[in-house]
Amino acid sequence: MTNLWNILLKCSPLNFIWWVRIILVWLYPTITLALEYYIKSLSIELNTFGQNHPDVATSFNNIAFVYKAKGDYNKALEYFTKCLSVKLITLGVDHPEVANAYSKIGKVYMATGGVDRAIEYQFYSMNPAIGSLESRIGSDSGTDDSDSDTNSDTT
């Protein structure tokens, strides 16, 4: 296994990232090991591409899924929110992947009993252009005083 790892380290960053993903899916399906490799992959992507890149969003998403599968919903929310932030910046509010990211956050809230937050994020998944970034993901404390109607021009 160490020989394979040495070969992968000599690959270009993009090839390495894809090989790690393939290995995770086919050879090492355990959650703990998957998390370890997803975090390594994220580190490489952040160093290669910077924070605002679609591949970084994908890694945040993958890490969030592992935490969700482990039942660590706070960490899952943290990484799904990071994924959403990157997707909003790189893809824009009207992209289907942004809507999907909102839906994933809503599902985590539903799993934790946060029905009101779950409904809110499911609503955003159907109407991602409503509200500002701050009103959507910046205030998970429940003290958000802003109205999300301000940017809902639909002509």
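Give the residues of the stretch 34-53 that are surrounded by 14 or more Cβ atoms within 10 Å (Cβ to Cβ) and touching a Ser or Thr at 6+ places or on another chain (Cβ under 8 Å), sorted by residue number. Residues satisfying the conditions are Tyr38, Ser41, Leu42, Glu45, His53.
Could you please let me know if Tyr73 is surrounded by 15 or more Cβ atoms within 10 Å (Cβ to Cβ) and either at pLDDT below 90 or in contact with a Phe, Trp or Tyr (Cβ under 6 Å, 6 or more places away or on another chain) (or both)? Break it down stepwise before answering.
Details: surrounded by 15 or more Cβ atoms within 10 Å (Cβ to Cβ): yes; either at pLDDT below 90 or in contact with a Phe, Trp or Tyr (Cβ under 6 Å, 6 or more places away or on another chain) (or both): no.
Considered against the rule, which asks whether it is surrounded by 15 or more Cβ atoms within 10 Å (Cβ to Cβ) and either at pLDDT below 90 or in contact with a Phe, Trp or Tyr (Cβ under 6 Å, 6 or more places away or on another chain) (or both), Tyr73 comes out as no.
The values are calculated or read from the model by the stated rules, or taken from the named source; none is laboratory data. None of these values were measured; they are calculated from a predicted model. As a convention, Cβ positions derive from the backbone with ideal geometry for all residues, glycine included, and neighbour counts pool all protein chains shown.
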